[in-house]
1. If I take every Cα pair under 8 Å that is 6 or more residues apart in the chain, average their sequence separation and divide by the length, what percent do I get for the relative contact order?
2. Determine the calculated [θ] at 222 nm for the chain from helices alone, applying -39500 (n - 2.57) to every DSSP H run no shorter than 4 residues and normalising by the residue count; nearest 500 deg cm²/dmol.
3. Test of understanding: extend the Cα→C-beta vector of Cys154 to 7 Å, then name every residue of segment 59-96 with backbone N under 18 Å from that spot.
4. Between Ile218 and Arg81, how many nm apart are label points set 7 Å from Cα along the C-beta direction?
5. Quick check: Cα centre of segment 114-141 to Cα centre of segment 49-71, how many Å?
6. What residues have an amide H closer than 5 Å to that of Gly233, excluding those fewer than 5 places away on the same chain, when H is modeled at 1.01 Å from N in the peptide plane?
7. Roughly what % of DSSP beta bridges within the chain run antiparallel, to the nearest 5?
8. Give, in nm to one decimal, the length gained when the segment between Glu57 and Val225 is fully stretched (0.36 nm per residue of separation minus the Cα-Cα distance).
Amino acid sequence: MRSESGITEELVLRLGRARNMVVFTGSGVSRESGVPTFRGEDGLWQEHRPEELATLEAFERNPEVVWRWYDYRRRLIAEVRPNPAHEAIARLEGAFDVFTLVTQNVDGLHARAGSTRTVELHGNIWRARCMGDQDVFDLLENPLSEIPPRCKRCGSLLRPDVVWFGEPMPPEAYDASYEAASSCDAMLVVGTSALVRPAASLPLVAKHNGAFVIEVNITYTPISVLIDASLIGKAGEVVPELVERLLRVVGEARESAPSPGGVKEHARP
């Protein structure tokens with residue numbers, strides 16, 4: 001089912017029958033809020049490329065330069081707001097018996113929009129990890145008063161709690177996302193290129209296990225021919241409309257469902 005613009009009634013009804021929903025998001029969602037991707041023409045920062053900075057080797061070689069880049073990114077992120085796609089996804093949490101948001105984004109915009117059931121595959125730029133004891137904690141100061149920052153307990157260097165090039169995803173995060181993809185009835189894939197593995201395999205894991213999988217993206221992706229539906233358009237425009245119609249269907253189904261005692265439930269005043 002391919003659609004350049006329209007959200008079909010069939011699609012909404014199929015999603016509405018799900019009990020276990022997963023939403024999987026990528027950088028396309030954050031880009032619409034104005035979060036720089038540091039790719040293409042915007043790929044340089046002070047003559048450095050991200051792949052030259054976002055590595056453990058770069059950090060060990062020059063932690064000050066790496067942290068100055070992250071401090072710059074954090075200041076940019078702090079100035080933007082969650083967009084309508086973030087907000088619509090947050091509204092979905094209460095609509096399903098089981099709901100999981102899996103994101104590749106590190107900017108924390110989903111949390112700012114109100115999402116709480118979130119698996120962060122690549123970490124969070126607002127957290128830091130101690131290079132000494134590996135403890136992880138929030139680092140919300142913005143801008144940073146000390147670069148590079150150090151652990152207040154042991155004095156060791158702190159690093160951003162994000163996944164760098166050449167590093168594996170945190171096992172707990174990947175295991176949680178794989179379990180969610182394996183057990184869901186439906187998956188909504190938003191703003192991801194479906195190129196970065198192993199995360200890109202999650203929609204196919206869901207599909208293999210019988211889930212109804214749709215994507216929202218500005219263009220078709222490598223998984224488009226392998227899933228059930230593709231909605232082509234901006235996340236901030238397509239997702240709110242889809243969620244609004246989906247919540248209506250879910251609400252109507254709940255109102256008409258019989259209660260445990262055999263009496264239909266009715267909306268409370």
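Since every read-out is calculated from the coordinates, none of them should be taken as a lab result. Note that the coordinates shown come from a computational prediction; the quantities given were computed from them, not determined experimentally. With ideal geometry, Cβ positions are generated from the backbone for all residues, glycine too; neighbour counts draw on all protein chains shown.
1. RCO, the chain: 25 percent.
2. -10000 deg cm²/dmol
3. Zone members listed by number: 60.
4. 2.1
5. If we compute the Cα centre of each part, the gap is 17 Å.
6. Here the answer is Asn217, Ile218, Thr219, since their amide H atoms fall under 5 Å of that of Gly233.
7. That works out to approximately 30 percent antiparallel.
8. So the chain would gain 56.6 nm between Glu57 and Val225.
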